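The values are calculated or read from the model by the stated rules, or taken from the named source; none is laboratory data. Computed from a predicted structure; not experimentally measured. For neighbour counting, all protein chains shown are included, and Cβ atoms are generated from backbone atoms with ideal geometry for every residue, glycine included. To get the accessible areas, we keep the full protein, side chains included, count just its heavy atoms, and leave off ligands, DNA and RNA. Shrake-Rupley method; radii C 1.70, N 1.55, O 1.52, S 1.80 Å.
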Amino acid sequence: MCGIFGVRGHPGAAAVVHLGLYSLQHRGQESAGIVAVGADGTARVERRMGLVSDGFAGPLVEALDGGVAIGHTRYSTAGSSTIENAQPVLARSRGSHIALAHNGNLTNATELRMALEDAGSIFNSTMDSEVVVHRLARATADTPEGKVAEALQGVEGAYCLLVLIGDALVAARDPRGWRPLVMGRLGDAVVFASETCALDIVGATLVREVDAGEVVAVDADGVRSLKPLPKRELRRCVFEHVYFARPDSSIFGGSVDRARRALGRRLAREHPAPGAELVFSVPDSSNSAALGYAEESGLPFELALIRNHYVGRTFIQPTQAGRDAKC
């Protein structure tokens, strides 16, 4: 679980991404980064360990000029929590650049990496996402979306990707649709985000979800879409509804808050609690579910546990020691 955000066609793209990452901080707290492409075509990257608020001061973001940018907040599922594994990844290739932000986990990354290393590739990190960067560098297609489609052939697992190739922004989602990815509009700019709450904070309007198996490219010629990957049965991650996503987001075509309330109501029907006096949540992800349980059971909802809202999400701390220290 990570948070990704990208925009093309806005004069202050990096600042928009910076604001969007604040709304996606709940998806990753270990590191954050932004890559922006300036008017001269040069890509610049800033990556920091820790929270978005820790590493990115105003002047630093302002230095990332240009109309296209992508950003990332990281929760490590593959690769250690180090600056080398912070994203977005930025690489130089064939006189241009490739930048990538990835949310998900590639299940065949080890095999793909071994094949690339046997062919001469040299890796700079231990994260699975770098496999896609090397495959992009080897892609021979003529268009940005074609290169992404070619690079993703044979890649297994969960992924939502934002890729910068030159000044083109490309979004892609795996054929099973494990993780959410939405597209919006901010004036004339096109915006992509892991959750709709990030569109809300920048004032963007939701257009639609990026479909499972879809590749969407945005460049000077407009927006193009293709579905080059083999169709698979949808396998959306239920943990997004249960825990990962913010309750004010809409993912997989529906409200997270309403889904959690429905789960709470269903729990009350299937597992009533005779003799119970009240319902309370273990905040904050269970707040909506507890309200649903209370609504269905007729029990009063009360505040019984108060968590420290200044320590972030303890579950996604990379070590048990880190989780214990913030409880």
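With the crude spin-label approximation of a point 7 Å out along Cα→Cβ, what separation in nm comes out for Ser96 versus Ser80?
Here the answer is 3.5 nm between the modelled labels.
Go through segment 125-138 residue by residue and turn each phi into a ³J(HN,Hα) via Karplus (6.51, -1.76, 1.60, θ = phi - 60°); whole Hz please, and just put x for glycine and proline.
Residue by residue, segment 125-138 yields 8, 10, 7, 5, 4, 5, 4, 5, 4, 5, 5, 5, 5, 8 Hz.
Rounded, prolate or oblate: which fits segment 1-118, taking a ≥ b ≥ c as square roots of the Cα gyration tensor eigenvalues, rounded meaning a/c under 1.5, else prolate when a/b beats b/c?
It comes out oblate by the Cα gyration axes.
Determine, for each peptide in 169-179, 301-311, 44-54, the mean count of other beta carbons within 10 angstrom over its residues, then list the peptides with the highest first.
For the peptides 169-179, 301-311, 44-54, the packing ranking is 169-179, 44-54, 301-311.
Loop-only GluC sites (Glu not before Pro) in segment 196-251, please: DSSP not H, G, I, E or B, and at most 15 other Cβ atoms within 10 Å.
Glu233
Note the angle between two axes, namely the Cα long axis of helix 109-118 and the longest principal axis of the Cα atoms of the chain, as a number of degrees from 0 to 90, rounded to the nearest 10.
Taking the Cα atoms of the chain, the angle to 109-118 is about 20 degrees.
Between Thr126 and Leu206, with labels modelled 7 Å along Cα→Cβ, what's the label distance in nm to one decimal, could you check?
So the label points at Thr126 and Leu206 sit 3.8 nm apart.
Expressed as a whole percentage, what fraction of the accessible surface of the chain belongs to carbon and sulfur atoms when a 1.4 Å probe is rolled over the protein heavy atoms?
After summing per-atom areas, the C and S share lands at 54 percent.
So how long is each side of segment 125-199 along the principal axes, counting just the alpha-carbon atoms, biggest first, in Å?
Taking max minus min along each principal axis of the Cα atoms, segment 125-199 gives 35, 27, 24 Å.
Considering only the other residues whose Cβ falls under 14 Å of the Cβ of Gly222, what net charge follows from Lys and Arg at +1 and Asp and Glu at -1?
So the environment of Gly222 carries a net charge of -2.
Summing -39500 (n - 2.57) over the DSSP H runs of n ≥ 4 in the chain and dividing by its residue number, what mean residue ellipticity at 222 nm do you reach, to the nearest 500 deg cm²/dmol?
-7500 deg cm²/dmol
For the pair Leu305/Arg138, report the inter-label distance in nm, with labels modelled 7 Å from Cα in the Cβ direction.
4.7
Of the labelled options [x] 1.14; [y] 1.00; [z] 1.07, which one gives Rg/Rh (Cα atoms, Kirkwood Rh) as computed for this structure?
Recomputing Rg/Rh (Cα atoms, Kirkwood Rh) here gives the entry labelled [y].
Would you give the gap between the C-alpha center of segment 261-297 and the C-alpha center of segment 79-136, rounded to a whole Å?
Between the Cα centres of segment 261-297 and segment 79-136 lies a distance of 43 Å.
Taking springs between alpha-carbon atoms closer than 10 angstrom, which of Arg260, Arg92, Arg74 fluctuates most in the Gaussian network model of the chain?
Judging by the Gaussian network model, the answer is Arg92.
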